[in-house]
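Peer 1: The following block contains the structure, expressed as structure tokens.
The values are calculated or read from the model by the stated rules, or taken from the named source; none is laboratory data. The structure presented is a predicted model; accordingly, all values stated were derived computationally and were not measured. Cβ placement follows ideal geometry from the backbone for every residue including glycine, while neighbour counts extend to all protein chains displayed. With ligands, DNA and RNA removed, areas are computed over all heavy atoms of the protein, side chains included. Shrake-Rupley method; radii C 1.70, N 1.55, O 1.52, S 1.80 Å.
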Amino acid sequence: MKTKVAIIGAGPSGLLLGQLLTKAGIDNIILERQTPEYVLGRIRAGVLEQGMVDMLREAGVSLRMENEGLIHEGVELIYNGRRERIDLKQLSGGKTVMVYGQTEVTRDLMDARSQSGALTVYSASHVQLHELKGEKPFITFEQEGKHLRLDCDYIAGCDGFHGVSRQSIPSDILTHYERIYPFGWLGLLSDTPPVSDELIYAQHERGFVLCSQRSHTRSRYYLQVPLSDKVEDWSDDRFWQELKTRLPADVASRLATGPSIEKSIAPLRSYVVEPMQYGNLFLVGDAAHIVPPTGAKGLNLAASDVSYLFRILVKVYREGRTDLLPKYSELALRRIWKAERFSWFMTKLLHTFPDADNFDQRMQQSDFDYYTGSLAGRQTIAENYVGLPFESI
Ligand SMILES: Cc1cc2nc3c(=O)[nH]c(=O)nc-3n(C[C@H](O)[C@H](O)[C@H](O)COP(=O)(O)OP(=O)(O)OC[C@H]3O[C@@H](n4cnc5c(N)ncnc54)[C@H](O)[C@@H]3O)c2cc1C
């Protein structure tokens, strides 16, 4: 097999890159370890920045999102029961976010890919990358017991945090930056109407709460829990009771409860690897960085990397601008570090840290008072939440 750009991973970053390249007439093949059903079964992000929404439009996959997605113009932050609405639209000069689930984005991208006829090899195992520094990189893999080889010009490593791409770069080339947080998020998805029109991020002495949503009839709630907790420890009743305890009484009284469709615990981590490229391999999305979900940035950062790599590859194939390739890592990382900072800031601002002393608690309270109490502070939160602009190439 032969293609121009080999993409490893059919998560949102791999599928979005593939769709944009296909639309631009640049051949690509995606290799995915799992089945399509497995990929679609993962419940993850749900808030899309304006920049990602624009990319989905450019990729020609925005029809269902325009009809079913919900545009949000604000979010609510709560600290010790004190409620502050951040008017995203007014404070960011007219920008908003779109609430539309990652699963739906993935489904739309998969549908567009099958309509375009571009190849995705699912259930590809033992994927291995070769000759990354040479002019003719290639990938070997297995499917249905057959040993296969894919030759290409470039490889996009879109295979998530546990993928093979980052591991294929010699370890002495890479620098890892990491922060593990001493808690996780227990998420519950239910077919119940959201408790509020806008997302609620709430700090409480018993732990953080996020009231999120996927549609007018489907809600996603999160509770901060100790890392030692297991999903089996949390019956639906216990989850709803704890959620009500951590929310202000009038919000709790409006909460519609129902059986969970999905429940899972995710650990919280900040992580970046530098550089994000090695020879003809480019790391994209979770393969190169992880953010705690408090700033709603994980999926959006994956799209951000796709934007930079796609625009560079278009110039490479249309204008012969191979001089731009070495700039990918530096360009992508500048925006990544700003999103890492915002996600870390929101996590520190709103969670209950087990080792925090009374000084730390006062600092957290003061941060909340300062950022929500001044125009500059509110603008800072708003412009980061809706997403910082992309640099031109
Ligand atoms: C449990 C969870 C909850 C999350 N919640 C939020 C949230 O609320 N808000 C938010 O903004 N972000 C959230 N995120 C982050 C967000 O979902 C990710 O940032 C996003 O999925 C990144 O997309 P990606 O395509 O880079 O990676 P992934 O979605 O991880 O996709 C990588 C793909 O590569 C495939 N793959 C892996 N290894 C190989 C291999 N060796 N060969 C071939 N294929 C391979 C995988 O099967 C997968 O399909 C969450 C993440 C997790 C794990």
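Peer 1: Which residue, of F310, F345, F282, is closer than 27 Å to R246 by Cα and of a type in the set (A, V, I, L, M, F, W, C)?
Peer 2: Among F310, F345, F282, only F345 is closer than 27 Å to R246 by Cα and of a type in the set (A, V, I, L, M, F, W, C).
Peer 1: Which of the numbered conditions does I86 fail, given that it passes all the others? Conditions: (1) of a type outside the set (F, W, Y); (2) assigned to a helix (DSSP H, G or I); (3) touching a helix residue (DSSP H, G or I) at 6+ places or on another chain (Cβ under 9 Å).
Peer 2: Status for I86: all satisfied but (2).
Peer 1: May I pose another question? What strands (runs of 3 or more DSSP E) lie completely within region 216-300 and have 2 or more residues being out of contact with any Lys or Arg (no Cβ under 7 Å at 6 or more places or on another chain) and within 23 Å of M98 (Cβ to Cβ)?
Peer 2: Output list reads 219-225, 260-274.
Peer 1: Name every residue in region 138-159 that is buried (at least 21 other Cβ atoms within 10 Å of the Cβ) and either of a type in the set (S, T, N, Q) or under 18 Å from the mean Cα position of the chain (by Cα) (or both), in order of residue number.
Peer 2: Within region 138-159, A156, G157, C158, D159 meet the criteria.
Peer 1: How many of the residues in region 160-169 are in a loop (DSSP other than H, G, I, E, B) and open to solvent by less than 50 Å² (accessible area, probe 1.4 Å)?
Peer 2: Number satisfying all stated conditions: 6.
Peer 1: Can you tell me which of I336, I265 is within 18 Å of E178 (Cβ to Cβ), touching a strand residue (DSSP E or B) at 6+ places or on another chain (Cβ under 7 Å) and at pLDDT 95 or above?
Peer 2: Testing whether each residue is within 18 Å of E178 (Cβ to Cβ), touching a strand residue (DSSP E or B) at 6+ places or on another chain (Cβ under 7 Å) and at pLDDT 95 or above leaves just I336.
Peer 1: Does G279 satisfy the condition of being open to solvent by less than 70 Å² (accessible area, probe 1.4 Å), within 27 Å of G134 (Cα to Cα) and out of contact with any helix residue (DSSP H, G or I) (no Cβ under 6 Å at 6 or more places or on another chain)?
Peer 2: Judged against the criteria, G279 is a match.
Peer 1: Kindly provide the set of residues from region 282-298 that are open to solvent by less than 10 Å² (accessible area, probe 1.4 Å) and more than 7 Å from the ligand (Cβ to nearest atom), ordered by number.
Peer 2: F282, L283, A288, H289, P292, T294, G295, listed by residue number.
Peer 1: Consider L301 against the criteria (1) open to solvent by less than 10 Å² (accessible area, probe 1.4 Å); (2) over 16 Å from the mean Cα position of the chain (by Cα); (3) within 13 Å of the ligand (Cβ to nearest atom): it satisfies all of them except one. Which criterion is unmet?
Peer 2: Result: L301 fails condition (2) only.
Peer 1: If you don't mind, another one. For region 1-46, which positions are surrounded by fewer than 24 Cβ atoms within 10 Å (Cβ to Cβ) and either polar (S, T, N, Q) or within 9 Å of the ligand (Cβ to nearest atom) (or both)?
Peer 2: Residues satisfying the conditions are T3, T22, E32, R33, Q34, T35, Y38, V39, R42, I43, R44, A45.
Peer 1: Here's another thing I want to ask about it. For N80, state whether it is more than 15 Å from the ligand (Cβ to nearest atom) and at pLDDT below 95.
Peer 2: Considered against the rule, which asks whether it is more than 15 Å from the ligand (Cβ to nearest atom) and at pLDDT below 95, N80 comes out as yes.
Peer 1: Now a separate question. In this structure, does S235 turn out to be over 22 Å from I290 (Cα atoms) and either surrounded by fewer than 19 Cβ atoms within 10 Å (Cβ to Cβ) or without any contact (Cβ under 8 Å) to a residue 40 or more places away in the chain (or both)?
Peer 2: So S235 fits the description; yes.
Peer 1: Let me ask something else. Answer with yes or no whether T140 is in a strand (DSSP E or B) and among the hydroxyl-bearing types (S, T, Y).
Peer 2: yes
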